[in-house]
Amino acid sequence: MTSSQSNVRPEIYQFNLGKFKVTNILDGYFHRADMHPFAATNAPPSEIEKVAKDHHLPYPKLEHNFVPTIIETDDSLIAFDPGFGKRAPAPSAGWYNDLLEKTGYNVDQVTHVVVSHGHPDHIANLTTDDAPTFKNAEIVISRAEYEFWSGDAPIPEFRGATRKMFREVVVPLADRCRFIEPDASIVGGLTALNASGHSAGHLAFHVESEGKELMILSDTIAHYAISLANLEWQFSMDDNPEMAVQSRKRLVEQAASSKAPIIGFHMPFPSVGYIEKSNNSYEWRPATYQLNLQDD
Ligand SMILES: [Zn+2]
């Protein structure tokens with residue numbers, strides 16, 4: 001018996017939504033030891049610790065997952081935020097391209113890469129060794145996001161590396177980009193939603209097929225327990241924290257009232273669940289088998 005190999009864990013989850021097939025892939029994870037202030041900068045550490053304990057979570061350690069989504073429609077294969085790729089900073093991430101193959105797809109079949117925003121975990125895999133990873137895909141990105149990172153707007157010091165990567169990875173692909181505004185239709189059944197604040201042009205998405213709905217919240221929720229416990233708490237990675245709180249309140253309320261399944265890029269794998277209003281806060285209810293029974 002040896003414990004030298006890392007443990008096997010679920011990395012691919014697939015379900016149907018009307019006529020669409022939805023796949024979530026675990027691009028990887030980071031382990032961190034700073035739940036406070038990482039997940040909520042403006043909350044007292046004792047309150048964060050209490051929420052963690054209420055959810056049977058350790059404190060201050062946490063696991064941060066990276067979970068890109070793929071949607072197959074009749075005539076499109078849409079890859080949302082396809083992970084780190086070869087630029088992954090640690091072996092615990094950058095698994096996307098291998099897992100895409102394991103799912104039964106390949107990078108050349110992808111027709112659209114939809115970028116929710118320009119932070120590294122969402123764009124790094126757009127190129128591999130300076131060539132487009134998805135060579136047949138149109139790239140769909142918010143115009144505000146593209147202009148923010150490709151321009152000279154002031155940024156916090158820690159975002160210098162983000163702008164550098166954006167200019168290396170996304171700007172050379174500008175002629176493959178479709179620049180959109182919030183509320184734009186990306187393909188039939190897929191609509192962009194304004195989620196600005198986490199970044200200048202951060203987008204969430206509404207998906208609908210044959211009356212079945214899904215929301216992809218991208219980075220609106222940083223941590224499934226902490227961020228939903230108090231929507232006023234600010235995520236350390238939000239570029240405009242006050243604006244992010246406003247977007248979070250609007251989208252979380254929409255998600256809760258829709259009763260639809262919800263996906264978030266940093267939710268624990270397989271990153272599908274429901275948002276439930278409870279008293280003055282919200283709670284994440286992970287999906288169990290509901291989505292396996294649909295469309296039988
Ligand atoms: Zn992210």
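Bear in mind these aren't lab numbers, they're just calculated from the coordinates by the rules spelled out. The structure displayed is predicted, hence computed values, not measured ones. Reconstructed Cβ throughout: ideal geometry from the backbone, glycine too, with neighbour counts over all protein chains shown.
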Length-normalised contact order of the chain in % [C-alpha pairs under 8 Å, at least 6 apart]: 18
Separation of alpha-carbon centers, the range 230-279 and the range 61-93, rounded to whole Å: 19
Selection of trypsin sites (Lys or Arg not before Pro), the range 44-99, meeting DSSP coil and at most 14 other Cβ within 10 Å: LYS61
Packing-based exposure ordering (other Cβ within 10 Å, fewest first) of HIS198, HIS55, HIS122: HIS55, HIS122, HIS198
Among the listed pairs LYS86/LYS135; LYS212/LYS259; LYS19/LYS212; LYS61/LYS102; LYS135/LYS212, those beyond 20 Å (Cα-Cα): LYS61/LYS102; LYS135/LYS212
Amide proton proximity set for ARG178, modelled H, under 5 Å, gap of 5+: ILE139, VAL140, ILE141
Dipole moment magnitude, nearest 20 debye, the chain about Cα centre, only Lys, Arg, Asp, Glu C-beta charged: 440
Order of MET243, MET267 - criterion: other Cβ atoms within 10 Å of each residue's Cβ, fewest first: MET243, MET267
Phi-based couplings in Hz for the range 260-266 (Karplus 6.51, -1.76, 1.60; Gly and Pro marked x): 7, x, 10, 10, x, 4, 10
Phi-based couplings in Hz for the range 223-230 (Karplus 6.51, -1.76, 1.60; Gly and Pro marked x): 9, 4, 8, 5, 5, 7, 5, 8
Estimated vicinal HN-Hα couplings, Hz - the range 91-104 in sequence order (Karplus 6.51, -1.76, 1.60; Gly, Pro = x): x, 7, 8, x, 8, 3, 5, 5, 6, 4, 4, 4, 5, x
Angstrom value of the Kirkwood radius, inverse mean 1/r, which spans all Cα pairs in the range 12-282: 18.6
